[in-house]
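Data block below; observations after.
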Amino acid sequence: MLSPPAPRLEYAFSVTITLEKVYWVKPTALGASRAGVYLKDGIVKGPKLNGKVIERSGADWPLQRPNGVIDFDARYMFELDDGAIVYVQNRGYRWGSDEAMAAMARHEEVGPDSYYFRVSPKFDAPDGPHEWLSRHVFVGTAEKTPNGNVIHYYQVL
């Protein structure tokens, strides 16, 4: 039996996001914790897209499980350099050692090799030159920064 073809990934762009205050529901009735993390602003930069994250255009609604895994659902919008508006929904997971997670909670710099942070985005883009965003699958690797996140998006070819 032949192995199926492996998907190829092509780096498309990165998004740097600044986050604002976090509001927690701790613990929820199910024993987890839920948060609302509001987005302040950000930039979009890369070989395939450039622009900015629209200020205060969304938030993340993470669920922190009792085992420490953060299951997040972030939604916000970009304005690209040509004026096109793109909506993104990022679903994904972040987890790491107790030490790494505690340092991130204190807004300290933590090396990206000390935790797992991956996203599976879905984009809604207008017809025209950015329609390709709505026609492809993407995966993202992410880094937690003291004031937000940096997400690197790869198009699955």
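The values are calculated or read from the model by the stated rules, or taken from the named source; none is laboratory data. Computed from a prediction, not measured in an experiment: that's the story for all the values here. Cβ: placed from backbone, ideal geometry, glycine included. Neighbour counts: every protein chain shown.
Given the condition farther than 14 Å from V44 by Cβ and out of contact with any strand residue (DSSP E or B) (no Cβ under 9 Å at 6 or more places or on another chain), answer yes or no: does some residue in the stretch 70-81 qualify? No; the residues of the stretch 70-81 include none that is farther than 14 Å from V44 by Cβ and out of contact with any strand residue (DSSP E or B) (no Cβ under 9 Å at 6 or more places or on another chain).
Filtered by the rule that a residue be of a type in the set (V, I, T) and either touching a Gly at 6+ places or on another chain (Cβ under 6 Å) or part of a loop (DSSP other than H, G, I, E, B) (or both), the stretch 59-101 gives a lone residue, V69.
What are the residues in the stretch 79-121 that are polar (S, T, N, Q) and either surrounded by 20 or more Cβ atoms within 10 Å (Cβ to Cβ) or in contact with a Lys or Arg (Cβ under 7 Å, 6 or more places away or on another chain) (or both), if any? Correct list: Q89, N90, S120. In the stretch 102-157, what residues are part of a helix (DSSP H, G or I) and hydroxyl-bearing (S, T, Y)? If the condition is that a residue be part of a helix (DSSP H, G or I) and hydroxyl-bearing (S, T, Y), then S114, S134 are the ones that fit.
If you take the residues in the stretch 104-134 that are small (G, A, S) and modelled with pLDDT of 95 or more, which one is nearest to the chain's Cα centre (by Cα)?
S120
In the stretch 1-35, the qualifying residues are those that are surrounded by 14 or more Cβ atoms within 10 Å (Cβ to Cβ) and among the small types (G, A, S), and the one that is nearest to A74 (Cα to Cα) is A35. Kindly establish whether D124 is more than 16 Å from S33 (Cα to Cα), touching a residue at least 24 places away in the same chain (Cβ under 8 Å), in contact with a His (Cβ under 9 Å, 6 or more places away or on another chain) and acidic (D, E). Here the answer is no, as D124 does not meet what is asked. Here R56 fulfils each of the conditions (1) in a loop (DSSP other than H, G, I, E, B); (2) in contact with a His (Cβ under 8 Å, 6 or more places away or on another chain) apart from (2). With respect to E55, is the statement that it is touching a helix residue (DSSP H, G or I) at 6+ places or on another chain (Cβ under 9 Å), within 22 Å of E143 (Cβ to Cβ) and surrounded by fewer than 17 Cβ atoms within 10 Å (Cβ to Cβ) true? Criteria not met by E55.
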